[in-house]
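For reference, the structure discussed in these notes is given below.
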Amino acid sequence: MKEIILLNISGQDKPGVSSSITSTLAQFDIDILDIGQAVIHNTLSLGILIGVPEEAEASSLLRDVLFKAHEMDMNIRFEPVTPSEYESWVGAQGKSRHIITLLARKVTAEHIGKVAQTAADHGLNIDNISRLSGRVSVGSTQQPNTKACVEFSVRGAPADTAQLREEFLRIASDLDVDIAFQKDDIYRRNRRLVVFDMDSTLIEAEVIDELAKEAGVGEQVIEITESAMRGEIDFTESFKRRMALLKGLDESVLESVANRLPLTEGVEELVSNLHALGFKTAILSGGFNYFANFLQRKMGFDYVYANELEIADGKVTGNVTGTVVDGKRKAELLRKIAEKEGIRLEQTIAVGDGANDLPMLSIAGLGIAFRAKPLVRRSAKQAISTLGLDGILYLIGFRDRDTL
């Protein structure tokens with residue numbers, strides 16, 4: 001190889017630029033060592049790293065490429081690359097790769113700058129930045145439920161991953177965004193099973209709190225619920241206390257409560273897309289089967305595991321039958337479903353908001369604390385608080401144009 005040259009071509013995007021440039025290079029029997037192209041707002045940026053063979057005349061080659069670029073009204077720049085620089089670049093291809101995902105209602109320069117600077121501070125080199133969210137008009141960015149997502153592909157491994165995650169969590173809190181940091185491996189691109197908590201995850205309510213309001217003991221039950229979600233009380237103990245307060249509630253209340261439960265933003269879009277893409281889905285809830293089955297009929301979840309509310313003579317007894325679905329049980333069920341479906345744990349996603357969800361979040365390939373309390377956010381691998389549940393599609397690499 002006589003020379004290595006980097007060509008940078010830019011200008012108004014139009015059909016035929018890549019084909020015209022590479023056809024000109026083909027006349028000189030040029031090797032393409034690397035190539036990349038991006039288009040932002042109809043402006044093309046094309047980079048081609050070429051190897052010039054010994055027998056080729058570099059000056060003639062560059063002259064012809066320059067003429068072809070000018071003929072298409074494109075700007076072109078040539079940059080020589082030394083053999084040592086090239087070999088150093090080749091040697092870097094075995095380094096670890098990670099994906100940083102920035103989610104917000106709208107993305108600002110400050111958001112990008114903070115993420116990029118933090119990555120650089122931890123020795124990570126950004127190779128590519130892509131927008132996963134769709135194009136929106138200027139006026140649309142003022143709407144409450146807009147979505148914006150930018151994905152960074154980075155090379156290298158941080159010396160202290162825990163510290164990096166802590167910094168991203170702080171930035172996310174300060175700027176009201178979400179930032180996910182994942183290893184870019186084959187499992188990230190091949191998730192197959194998603195399991196969800198129900199209360200305050202799939203629905204924007206705690207069912208037991210809603211039942212308590214009907215029973216006239218709302219404040220007492222809500223106080224116990226919030227203490228349990230913060231991890232201050234063992235889930236099973238808190239569950240027994242709350243159930244005892246529901247004793248005597250009329251069975252007819254269940255249907256009216258189910259019909260008014262508010263679905264979480266983005267849940268129907270997320271679940272329908274997951275099913276269309278062949279994912280298996282499950283509800284693993286410390287709530288009640290009656291309401292989990294209601295959601296299953298509505299959205300088609302493949303599996304449902306929740307607590308069975310005991311009813312006698314048309315009244316809630318204050319007891320549950322069978323094994324209580326607590327944090328430990330949720331993790332067991334995740335393993336059980338994955339094994340049944342022939343899916344590795346690395347290919348699973350778990351989503352929840354409470355301390356009792358942490359066991360399943362910790363063993364899933366992608367554990368997501370959704371609109372969770374601070375303790376859960378800090379303990380989970382990833383967290384989403386800014387967008388709806390459909391923001392999870394960005395974390396598994398889907399663009400808006402890929403979804404239904």
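Worth pointing out:
- Among the conditions (1) in contact with a Gly (Cβ under 9 Å, 6 or more places away or on another chain); (2) modelled with pLDDT of 95 or more; (3) of a type outside the set (D, E), G248 misses just one, which is (2).
- Checking each residue in the range 367-403 for being part of a helix (DSSP H, G or I), polar (S, T, N, Q) and open to solvent by less than 20 Å² (accessible area, probe 1.4 Å) picks out no residue at all.
- Odd one out for I203 among (1) in the same structural domain as E346 (by the TED database); (2) farther than 22 Å from M360 by Cα: (2)
- Evaluation of H111 against (1) under 30 Å from Y187 (Cα atoms); (2) not in a helix (DSSP H, G or I) (one fails), failing number: (2)
- Filtering L62, L46 for residues that are free of Cβ contacts under 8 Å to residues at least 60 places away in the same chain, part of a strand (DSSP E or B) and either surrounded by 11 or more Cβ atoms within 10 Å (Cβ to Cβ) or of a type in the set (D, E) (or both) leaves a single hit, L46.
- Looking across the range 338-356 at every residue that is in contact with a strand residue (DSSP E or B) (Cβ under 7 Å, 6 or more places away or on another chain) and in a helix (DSSP H, G or I), the one that is surrounded by the most Cβ atoms within 10 Å (Cβ to Cβ) is identified as N356.
- Residue match in the range 256-266 (condition: in contact with a His (Cβ under 9 Å, 6 or more places away or on another chain) and open to solvent by less than 50 Å² (accessible area, probe 1.4 Å)): no
- When residues of the range 83-115 are limited to those that are modelled with pLDDT of 95 or more and polar (S, T, N, Q), the one farthest from the chain's Cα centre (by Cα): T108
- You will find that of A276, A306, the residue that is surrounded by 19 or more Cβ atoms within 10 Å (Cβ to Cβ) and in contact (Cβ under 8 Å) with a residue 24 or more places away in the chain is A306 and no other.
- I222 being open to solvent by 20 Å² or more (accessible area, probe 1.4 Å) and in the same structural domain as L274 (by the TED database): yes
- Where V52 falls short, out of the listed (1) open to solvent by 60 Å² or more (accessible area, probe 1.4 Å); (2) under 27 Å from N128 (Cα atoms): (1)
- Qualifying residue in the range 228-237 (condition: touching a strand residue (DSSP E or B) at 6+ places or on another chain (Cβ under 8 Å) and closer than 20 Å to T348 by Cα): no
- Tally, over the range 315-337, of residues that are among the hydroxyl-bearing types (S, T, Y) and either assigned to a helix (DSSP H, G or I) or open to solvent by 80 Å² or more (accessible area, probe 1.4 Å) (or both): 1
- For the range 4-33, residues that are closer than 27 Å to Q93 by Cβ, open to solvent by 70 Å² or more (accessible area, probe 1.4 Å) and in a strand (DSSP E or B) total 2.
- Residue match in the range 250-263 (condition: acidic (D, E), assigned by the TED database to the domain that holds E339, touching a residue at least 12 places away in the same chain (Cβ under 8 Å) and not in a helix (DSSP H, G or I)): yes
- E237 being in contact with a helix residue (DSSP H, G or I) (Cβ under 8 Å, 6 or more places away or on another chain), part of a helix (DSSP H, G or I) and either among the small types (G, A, S) or assigned by the TED database to the domain that holds R371 (or both): no
- For the range 117-129, the set of residues classified as open to solvent by less than 30 Å² (accessible area, probe 1.4 Å) and under 18 Å from C149 (Cβ atoms) consists of T118, A119, listed by residue number.
- Qualifying residue in the range 80-101 (condition: open to solvent by 70 Å² or more (accessible area, probe 1.4 Å), closer than 25 Å to K183 by Cα and basic (K, R)): yes
The values are calculated or read from the model by the stated rules, or taken from the named source; none is laboratory data. As the structure is a computational prediction, the values presented were derived from the model and not from experiment. Every residue, glycine as well, gets a Cβ built from its backbone with ideal geometry; the counts of neighbours run over all protein chains shown. The protein model used for the area step is the full one, side chains on, heavy atoms only, and it has no ligands, DNA or RNA in it. Shrake-Rupley method; radii C 1.70, N 1.55, O 1.52, S 1.80 Å.
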